[in-house]
Amino acid sequence: MNGLIALLGSGEYLPVMDGVDKFLLANCGANGHTPRVVCLPTAAGREGEGSWGNWMKMGEEHFKRLGADVQSLPIIDRASADDPQFESALESANLVYFSGGDPNYLYKTMNGSRAWQAAQKAWARGAAYAGCSAGAMILGKSMPDFRRAGLGTRQGFGLVPAAFILPHFDAIPVIRKPFIFALRRQLDDGESLLGIDEETALIGRLGDAWRVHGRQTVSRFTRAGEQVFAAGQEVNLV
């Protein structure tokens, strides 16, 4: 059975998301053992070691504090994503966590890589996937090109039943209306766009219920209208 998927709007490795991460650790298929967490800074791979190294450190400190067995892997480019030395850790993980950065770079680095295949094996046996910001965006069918105000799109993995996944949703109020208008025009009947506020997560399993966790809200747009869901409410993504 596929494991849980957590789509986070922001806040990776911060105390404000402790409740979300404790829920994931309790529901990641560890079966009473200490959960094994793998943190991946891949989306920040082009930002230099000062950036991706900091994400690695933050991930390890955060999940150690929560009682997990955690390892950050320096998968920062295609060469490291295809390095077989990382496969075992990914395949045996109970939670694979992608921090934020550049979604297009993250997708291109992971697509077809050995690391991505290993992470998918873990998820297929019940491990959880957590993606913050860029790590959430890559799971939609497509990713908007912010440089073209939503008029251009890039391919995503399509693992979550949503055409687009937009993190930091409450932090983009100035451009939100025209941006959402442009993206909604690209939706087919039955498709949706998800807007996930900062310090908020949407957690669920394919074919099952999805629920809002965290401090704020999740918005779901279709061609027909908009719904806003607060923490604790279910979101229908079927």
Excluding residues fewer than 8 positions from K22 in its own chain, the lysines with Cα under 18 Å of it are K64
What list of ³J(HN,Hα) couplings, whole Hz, do you get for the stretch 180-193 from phi and the Karplus terms 6.51, -1.76, 1.60, once you set θ to phi - 60° and write x for glycine and proline?
-> 5, 4, 5, 6, 5, 5, 8, 6, 7, 4, x, 8, 9, 10
How much mean residue ellipticity at 222 nm does the chain get from its helices, if each DSSP H run of length 4 or more adds -39500 (n - 2.57) and you divide by all residues, to the nearest 500 deg cm²/dmol?
-> -8000 deg cm²/dmol
Where does the charge balance sit around A68 when Lys and Arg score +1, Asp and Glu -1, over other residues with C-beta under 14 Å from its C-beta?
-> -1
Extension gain from N236 to Q85, taking 0.36 nm per residue of separation minus the Cα-Cα distance | 50.5 nm
Considering only Cα-Cα distances, which of the following residue pairs are longer than 29 Å: K57/K108; K57/K121; K57/K141; K121/K141?
-> K57/K141
What Kirkwood hydrodynamic radius, in Å, does the chain give when the mean of 1/r is taken over all pairs of distinct Cα atoms and then inverted?
-> 17.6 Å
Using modelled amide H (1.01 Å from N, peptide plane; none on Pro or chain starts), what sits under 5 Å from the amide H of L166, excluding residues fewer than 5 places away?
-> L194, G195, I196
Pick out, from W52, C28, M137, the residue whose Cα sits farthest towards the positive end of the charge dipole of the chain, with +1 on the Cβ of Lys and Arg and -1 on the Cβ of Asp and Glu.
-> M137
Is the shape of the stretch 23-132 best called rounded, prolate or oblate, per the rule: a/c under 1.5 gives rounded, else a/b larger than b/c gives prolate, else oblate, with a ≥ b ≥ c the square roots of the Cα gyration tensor eigenvalues?
-> oblate
Size of the dipole of the chain about the Cα centre, Lys and Arg at +1 and Asp and Glu at -1 on the beta carbon, nothing else charged, in debye to 20?
-> 460 debye
One would report the antiparallel percent of DSSP beta bridges in the stretch 5-235, rounded to the nearest 5, as 55 percent
Return the FRET efficiency for the residue pair S92, N54: r is the Cβ-Cβ distance, R0 is 30 Å, and the value is rounded to the nearest 0.05.
-> 0.75
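Readers should treat all values here as calculations from the given coordinates under stated rules, not as data from a laboratory. Here the structure is a predicted model, which means the values were calculated and not measured. Here Cβ is always computed from backbone atoms with ideal geometry, including for glycine, and neighbour counts include all displayed protein chains.
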